[in-house]
Amino acid sequence: MSCYKVDSPFVEDGAGNLLYFDYRMNENQPSIVFQHHERAISKDDLNEWDLKERPLEEWFNDSLIPVVDSFERLLEMMYPSEW
């Protein structure tokens with residue numbers, strides 16, 4: 001797990017957008033977050049003034065969009081029980 005409490009991406013959609021397991025709220029049951037490739041932030045994108053304003057972790061966290069509260073819920077959305 002990274003220092004951001006967001007694990008490495010587990011899905012890339014071919015356009016560079018990513019899904020991550022997010023352990024920030026619950027270390028045992030991560031939620032799922034989405035990162036649009038145009039909103040993705042890395043240290044290389046920021047200058048020293050940006051990093052003085054806010055730590056890299058905050059820039060990274062701001063680029064994440066909540067999707068669902070668990071991986072199981074994500075699977076339910078992809079494969080409804082009516083199938």
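The values are calculated or read from the model by the stated rules, or taken from the named source; none is laboratory data. All values derive from a computational prediction rather than experimental measurement. All Cβ positions, glycine included, derive from the backbone under ideal geometry; neighbour counts span all protein chains shown.
Restricting to the range 44-76, give me the number of residues that are basic (Lys, Arg), surrounded by 11 or more Cβ atoms within 10 Å (Cβ to Cβ) and either more than 20 Å from ASP22 (Cα to Cα) or touching a helix residue (DSSP H, G or I) at 6+ places or on another chain (Cβ under 6 Å) (or both).
Our first condition is that a residue be basic (Lys, Arg); within the range 44-76, this holds for 52, 54, 73.
Remaining after also requiring surrounded by 11 or more Cβ atoms within 10 Å (Cβ to Cβ): 54, 73.
Keeping just the survivors that are either more than 20 Å from ASP22 (Cα to Cα) or touching a helix residue (DSSP H, G or I) at 6+ places or on another chain (Cβ under 6 Å) (or both) gives 54.
Qualifying residue count for the region: 1.
Inside the range 42-69, can you point out the residues that are touching a strand residue (DSSP E or B) at 6+ places or on another chain (Cβ under 6 Å) and either in a loop (DSSP other than H, G, I, E, B) or farther than 19 Å from ASN26 by Cα (or both)?
SER63, LEU64, ASP69
Of all residues in the range 38-60, how many are within 27 Å of GLU76 (Cβ to Cβ) and modelled with pLDDT of 90 or more?
Total satisfying the criteria: 0.
Hey, can you tell me all the residues within the range 1-46 that are within 13 Å of the chain's Cα centre (by Cα), among the acidic types (Asp, Glu) and more than 15 Å from ASP62 (Cα to Cα)?
ASP7, GLU12, listed by residue number.
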